[in-house]
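Remarks on the structure that follows.
All of the numbers you see were taken from the coordinates with simple rules; none came from a lab. Computed from a predicted structure; not experimentally measured. Glycine gets a Cβ as well: all are built from the backbone with ideal geometry, and neighbour counts include every protein chain shown.
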Amino acid sequence: MIVYIADLKKVDFMHWEDMKNIYVLTDIQAVLEKLKEIDEELLNRQIKFKNFKVKNIDEYNSKYANEYHEPLKRIVFACDELTEIFSEENKVTKEIGTYLSRIARLGRAFGINLILSTQRPDCKVLDGQIKSNLDVRICGKADPILSEVILGKGNTDADSLIPKDSQGIFLTNSNKRFQAYFFNQKILEKEKQGVDNNEYTPNN
């Protein structure tokens, strides 16, 4: 798996920069160029899957990954705060929006996924086409209006099902409530060391 993280504030993910297969993008032009590359890879995989008559990345890798065909890696593009990208409307942000929309719509079958986060889930930051194509939407404690914006029309459960004094409790658009992990700096350093030494497992 390869992970690209857009961190336009430049400080939130600086400790992840040296981790294996994780790349932190700290300016908007770098974000645009990387999304162009990911979009090209998406189109290449579309052609490849059509030629090999497979429907998704798992089927391709299980049938055709061998000494002649390298397995395809999953690609994740993550953005911690979309407002940092879409705070201004210009040619660059429009291009970024176009790429994100296509990846959201088509990427999953080809092993290309998005993780997008914002404290302002309105249409100026996250347009309806992108949001409607995100399979999983997650909301923290929110008032009824914001709950509906994130989880879907008529779903105000982020207001009623998450206690006001809770920390790290979230709700999905399928109404699954869960407790998020807490990562402090010591944990991150341990994970980084494990990844660098090829010793990482999800249970470490």
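Diffusion coefficient of the range 1-111 by Stokes-Einstein, Kirkwood radius over Cα pairs, 4 °C, 1.567 mPa s: 85 µm²/s. The Kirkwood radius of the chain, taken over pairs of alpha-carbon atoms, gives through the Stokes-Einstein law at 25 °C and 0.890 mPa s a diffusion coefficient of 130 µm² s⁻¹. Taken as entire DSSP H runs, the helices of the chain that both span 24 Å or more between Cα atoms along their own long axis and average -1.0 or more on the Kyte-Doolittle scale are 28-52.
Measure up K131/K164; K124/K153; K9/K124; K20/K131 against 21 Å on the Cα-Cα distance and list the ones that go over. Violating the 21 Å Cα-Cα cut-off are K131/K164; K20/K131. Once you put a point 7 Å from the Cα of F170 and another 7 Å from the Cα of R108, both along the Cβ direction, what distance in nm separates them? The answer from the label model is 1.7 nm. The GluC sites (Glu not before Pro) found in the range 45-85 that occupy coil by DSSP, while having at most 11 further C-beta atoms within 10 Å, are E67.
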